[in-house]
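First up is the structure itself, then whatever we jot down about it.
The values are calculated or read from the model by the stated rules, or taken from the named source; none is laboratory data. If you're wondering where the values come from, they're calculated on a predicted model, not measured in any experiment. FYI the Cβ positions are ideal-geometry reconstructions off the backbone, even for glycines, and counts take in every protein chain you see.
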Amino acid sequence: MATATYDTEMIRTLSMFESMTDVEARDCMMKEDEAYFIVPEGKAGMAIGKGGKVVKKVQNQLGKNVKIFEYKDNLGAFVNNLVSVDIRSLDIDEDENGGKTVEINVSNDNKGRLVGKDGDNIDSIRDILKRTHNVNEVTVK
């Protein structure tokens, strides 16, 4: 996983998340109206809580929509966790410097949902994959 630098605000957010969910976050990324937390494999259910009760408390505390994703060392499996639509195929290439490119192939009906309004969803996926798996480029086909 790439090294991330956190400011005091981010450290407070991570601490708040961990104290409210009893789950240690591997990473956190904040956007204007959303917060993304990457949690260890098998811990998303605990962070979300029964009926979403725990994550709703976190959302209320942050005043943002919260999305929780389980981390996986395997890049393909992690992309599947991040993408909320059915993936037809996934191509992963690695260059000689260890940088990776990911091509996500989805049906035309799902492209809009994957990319999101003004590209917000795919931009977030790109940011997360860059931080967690050294992915330099993500394309949607």
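Only residues that are surrounded by 13 or more Cβ atoms within 10 Å (Cβ to Cβ), assigned to a loop (DSSP other than H, G, I, E, B) and at pLDDT 95 or above: list them for segment 88-112, please. Matches in segment 88-112: Val106 only. Summed over segment 38-57, residues that are over 15 Å from Lys72 (Cβ atoms) and not in a helix (DSSP H, G or I) total 1.
Within segment 113-141, the set of residues being out of contact with any strand residue (DSSP E or B) (no Cβ under 8 Å at 6 or more places or on another chain) and part of a helix (DSSP H, G or I) comprises Arg113, Lys117, Asp118, Gly119, Asp120, Asn121, Asp123. Contact map, segment 113-126: residues that are in contact (Cβ under 8 Å) with a residue 40 or more places away in the chain and closer than 13 Å to Tyr36 by Cα paired with residues that are part of a helix (DSSP H, G or I) and among the aliphatic types (A, V, I, L, M), Cβ distance under 6 Å, separation 6+ or inter-chain. Pairs shown: Ile125/Leu82.
In this structure, is Met10 under 17 Å from the mean Cα position of the chain (by Cα), farther than 20 Å from Asn121 by Cα, aliphatic (A, V, I, L, M) and surrounded by fewer than 16 Cβ atoms within 10 Å (Cβ to Cβ)? Against the criterion (under 17 Å from the mean Cα position of the chain (by Cα), farther than 20 Å from Asn121 by Cα, aliphatic (A, V, I, L, M) and surrounded by fewer than 16 Cβ atoms within 10 Å (Cβ to Cβ)), Met10 qualifies.
The residues of segment 57-87 that are surrounded by 15 or more Cβ atoms within 10 Å (Cβ to Cβ) and acidic (Asp, Glu) amount to a single one, Glu70. Within segment 60-75, one or more residues are part of a helix (DSSP H, G or I), within 24 Å of Ala25 (Cα to Cα) and outside the structural domain of Arg26 (by TED's automatic domain parsing).
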